[in-house]
Amino acid sequence: MTTPLPFSPPPGALTRRLRTSRGEFAVIDMRVPAGVPERGVALLMPGFTGSKEDFGLMQGPLAARGYRTVAVDGRGQNESDGPADDESAYARQELALDVSAQVAALGVPEPVHLLGHSLGGQIARAAVLLDHAPYRSLTLMASGPAQISDSQQQRVKLLRDALAVMTPAEVWEAILALGPPEEVGGPARGIGDLPQLRARFVNTRPAQLVATGKQLCVERDRVAELASVPLPFHVLSGARDDTWPVPVLDAMAARLRAHRTIVPDAEHSPNADQPLPTARAVADFWDGTAGRQKA
């Protein structure tokens, strides 16, 4: 059972359960306000140790540009259900199938824009490779071509080792005893204060953290496969990134012939570091995809 997250969604957004053929998922659904022409729908997928709330500062600006956005907690992530101990439930294929089910459950007539941050980007990539037809475009936000950097692999291993002998609540307290979580191997900085960040970390199932952490450390390069998919791609990152260095993201964008955005004064979470410029760049890209596909 999850602890309600002490978080206020963006004004006008609806926090609800999205019922799909693969279970229910917690979402923040931000509709386009009255009087604004509707330009499309997007599914937003958070990263490792993240949650749907990570997009809260972007959803209002995107709605003002005409885009309905649905930010989702993935299986076992924060307020979405999932087994606590069964890692097989979080296999990459299973999570990709969840994305397909989430898009189908939105019930919109047109393909949707798909955006994934970090781990969410790699899951989004897997979903597109399963079937690209439901999608209008793919944005990979601070999400690289293969496994994470060596330094980040060490952080993930420390977290996995800790979860093997402690509860998430105990792990959180141990992290806080060492310093700011994002600086001592704990969860990446997100939107909210420490109680909010603790709530989503404790809510997330240990098996989800362990399984997806392993995936980040062994992910193979699937850029060539993705490049053959006839969709517009967008690679967006901050000006500095320790998880996938910016030159790695630059090279991936070139291989994909993707639109490339580097957000100044942002690091691995441009959605949190610089939400307004990030939302503007995302909306500009989505605007540019109207009526076209990747050549």
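The values are calculated or read from the model by the stated rules, or taken from the named source; none is laboratory data. Please read these numbers as outputs of a predicted model, since none were measured by experiment. With ideal geometry, Cβ positions are generated from the backbone for all residues, glycine too; neighbour counts draw on all protein chains shown.
Just a few scattered comments:
- Residue satisfying condition, being assigned to a helix (DSSP H, G or I) and surrounded by fewer than 22 Cβ atoms within 10 Å (Cβ to Cβ), within set G35, G60: G60
- When R92 is tested against the conditions (1) surrounded by fewer than 19 Cβ atoms within 10 Å (Cβ to Cβ); (2) over 16 Å from the mean Cα position of the chain (by Cα), the lone failure is (2).
- When T261 is tested against the conditions (1) surrounded by 22 or more Cβ atoms within 10 Å (Cβ to Cβ); (2) farther than 13 Å from S118 by Cβ; (3) not charged (D, E, K, R), the lone failure is (1).
- Some residue of the stretch 45-65 being at pLDDT 95 or above and on the phi > 0 side of the Ramachandran plot: no
- Within the stretch 132-181, the set of residues being on the phi > 0 side of the Ramachandran plot and modelled with pLDDT of 90 or more comprises just one member, A142.
- When G107, G82 are checked against the criterion of being surrounded by 17 or more Cβ atoms within 10 Å (Cβ to Cβ) and either among the small types (G, A, S) or closer than 23 Å to H132 by Cα (or both), a single residue qualifies: G82.
- Residue satisfying all of: in the stretch 15-68; in contact with a helix residue (DSSP H, G or I) (Cβ under 7 Å, 6 or more places away or on another chain) and among the hydroxyl-bearing types (S, T, Y); nearest to G107 (Cα to Cα) among these: T20
Conditions (1) of a type in the set (D, E, K, R); (2) under 20 Å from L62 (Cβ atoms); (3) in contact (Cβ under 8 Å) with a residue 12 or more places away in the chain, marked per residue:
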position	(1), (2), (3)
A239	no, no, yes
A258	no, yes, yes
V263	no, yes, yes
E267	yes, no, yes
D273	yes, yes, yes
P277	no, yes, yes
V282	no, yes, yes
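- Cβ-Cβ under 9 Å pairs, at least 6 apart or on other chains, the stretch 1-19 side in a strand (DSSP E or B), far side surrounded by fewer than 16 Cβ atoms within 10 Å (Cβ to Cβ) and at pLDDT 80 or above: R17/E24; L18/E24
- Candidates A133, A104, A127: the one that is of a type outside the set (S, T, Y), under 21 Å from D81 (Cα atoms) and over 15 Å from the mean Cα position of the chain (by Cα) is A104.
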